[in-house]
Amino acid sequence: MLDKLKYNVGKIVETVNEAEDIKSFYIKVKMEETCPGQFTMVWLPGFEEIPLSPSLHEREILRLTVAAVGSTTRKMHELNVGDRIFIRGPYGRGFNINYKGKYLLIAGGYGAAPLIYALRKLREAGKHVAYAVGAKSSSKLLFVDEAKNLGAKVYVATDNGSRGFRGYVTEMVQEIIENYDNVLACGPEEMLYRVMEMCLKTNVKCQLSIERYIKCGIGICGSCALDPKGLLVCKDGPVFYAEELIGTDFGKYYTLPSGIKKPV
Ligand SMILES: Cc1cc2nc3c(=O)[nH]c(=O)nc-3n(C[C@H](O)[C@H](O)[C@H](O)COP(=O)(O)OP(=O)(O)OC[C@H]3O[C@@H](n4cnc5c(N)ncnc54)[C@H](O)[C@@H]3O)c2cc1C
Ligand code: FES
């Protein structure tokens, strides 16, 4: 168990501005192989330790794609090539990408991070993949070119219509979702809940990467529990099948670090 808490020291070898307030860090680090959808715990001394899902992991290079939303992620954005970062993991259950058939990947905001990693692996396995990505505006869209270069069919939605479909990514995919055998999705919880509803209605196999407040990351503290089933996001997830989430507080309540529940 203690071995699972061990930090690996990583060194930043490249940074890329991916979109407005979203940066990727290419980190040289010796760590266990990851599977798309699993997460790592990242620590910058003097700041919180936060969960981040790799957007790529090849040999000793791990890519983390980070949206600056608060103190730790803003501090991360100040890091440069040569800086060190402490990483433990990988943890949890990632996406199962071994199913037959066509895949539709639905990404909202920084939820694109684990999906572009899954997309790469799916394309390497010769699978047919479509990538539907949504953001508030075109300046916040992630990995459109990378997905095209990997050979995926790409659908783009922006809330303000600055690129592609005007509206939510969920509205954009509602007509096409039943043409696919598998859906993988990651993004804001309201978006994921809508994806879950559409997949259950159309009988499409659906895997959703969800967020809860992660403290230990290894199934000890209970901070990330989905009530009343007691599923642990850090251990049983963060990727869940739609059927597993039925009857939980997913889509309804989020538990704050204090233990208080807040409506989603
Ligand atoms: C499994 C998982 C994978 C994630 N992958 C990515 C990713 O690839 N890229 C990315 O940009 N973000 C990712 N996130 C979200 C990221 O962890 C938060 O944005 C980050 O923790 C914010 O920290 P902060 O100090 O900058 O902001 P804060 O101001 O502390 O918080 C901003 C928001 O982030 C949430 N948050 C803060 N700490 C945690 C925590 N320990 N666990 C869960 N949520 C937290 C808060 O509830 C709040 O809603 C992931 C979250 C989870 C649970
Ligand atoms: S974060 Fe501690 S049990 Fe999941």
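The values are calculated or read from the model by the stated rules, or taken from the named source; none is laboratory data. Remember, predicted model here, so these are calculated numbers, not experimental data. Virtual Cβ from ideal backbone geometry, glycine too; neighbours counted across all protein chains shown. Quick note on the areas: whole protein, heavy atoms, side chains included, nothing else; ligands and nucleic acids left out. Shrake-Rupley method; radii C 1.70, N 1.55, O 1.52, S 1.80 Å.
I'd like to check something: does the stretch 62-70 contain any residue that is at pLDDT 95 or above, more than 20 Å from Glu20 (Cα to Cα) and touching a strand residue (DSSP E or B) at 6+ places or on another chain (Cβ under 8 Å)? For the stretch 62-70, residues at pLDDT 95 or above, more than 20 Å from Glu20 (Cα to Cα) and touching a strand residue (DSSP E or B) at 6+ places or on another chain (Cβ under 8 Å): present.
Scanning the stretch 71-116 for residues that are out of contact with any helix residue (DSSP H, G or I) (no Cβ under 6 Å at 6 or more places or on another chain), away from ligand 1 (no atom under 16 Å from the Cβ), assigned to a strand (DSSP E or B) and closer than 30 Å to Ser137 by Cβ gives a single hit, Leu104.
Residue-wise test of (1) free of Cβ contacts under 8 Å to residues at least 12 places away in the same chain; (2) within 16 Å of ligand 1 (Cβ to nearest atom).
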residue	(1), (2)
Val156	no, no
Glu190	no, yes
Ile210	no, yes
Gly217	no, yes
Gly222	yes, yes
Leu231	no, yes
Tyr241	no, no
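Restricting Lys140, Lys148 to residues that are more than 17 Å from the chain's Cα centre (by Cα) and either of a type in the set (S, T, N, Q) or assigned by TED's automatic domain parsing to the domain that holds Arg163 (or both) narrows the list to Lys148.
Check the stretch 225-238 and report whether any residue there is away from ligand 2 (no atom under 16 Å from the Cβ), buried (at least 17 other Cβ atoms within 10 Å of the Cβ) and under 18 Å from Phe95 (Cβ atoms). Taking every residue of the stretch 225-238 in turn, none turns out to be away from ligand 2 (no atom under 16 Å from the Cβ), buried (at least 17 other Cβ atoms within 10 Å of the Cβ) and under 18 Å from Phe95 (Cβ atoms). Does the stretch 90-103 contain any residue that is of a type in the set (A, V, I, L, M), under 24 Å from Gly187 (Cβ atoms) and surrounded by 24 or more Cβ atoms within 10 Å (Cβ to Cβ)? Taking every residue of the stretch 90-103 in turn, none turns out to be of a type in the set (A, V, I, L, M), under 24 Å from Gly187 (Cβ atoms) and surrounded by 24 or more Cβ atoms within 10 Å (Cβ to Cβ). Scanning the stretch 45-71 for residues being over 12 Å from the mean Cα position of the chain (by Cα) and open to solvent by less than 10 Å² (accessible area, probe 1.4 Å) gives a total of 2. I'd like to check something: does the stretch 233-240 contain any residue that is in a loop (DSSP other than H, G, I, E, B) and modelled with pLDDT under 95? Among the residues of the stretch 233-240, not one is in a loop (DSSP other than H, G, I, E, B) and modelled with pLDDT under 95, which makes the answer no.
Among the numbered criteria (1) outside any helix (DSSP H, G or I); (2) within 19 Å of the chain's Cα centre (by Cα), which one does Lys127 miss? Failing condition for Lys127: (2). If you filter the stretch 165-188 down to residues that are in a loop (DSSP other than H, G, I, E, B) and touching a residue at least 24 places away in the same chain (Cβ under 8 Å), you find that the one that is surrounded by the most Cβ atoms within 10 Å (Cβ to Cβ) is Gly187. Tyr117 passes every criterion in (1) over 22 Å from Thr15 (Cα atoms); (2) in contact with a strand residue (DSSP E or B) (Cβ under 7 Å, 6 or more places away or on another chain) apart from (1). Gly219 fulfils the conditions (1) open to solvent by less than 30 Å² (accessible area, probe 1.4 Å); (2) away from ligand 2 (no atom under 16 Å from the Cβ); (3) more than 25 Å from Val69 (Cβ to Cβ) except for a single criterion, (2).
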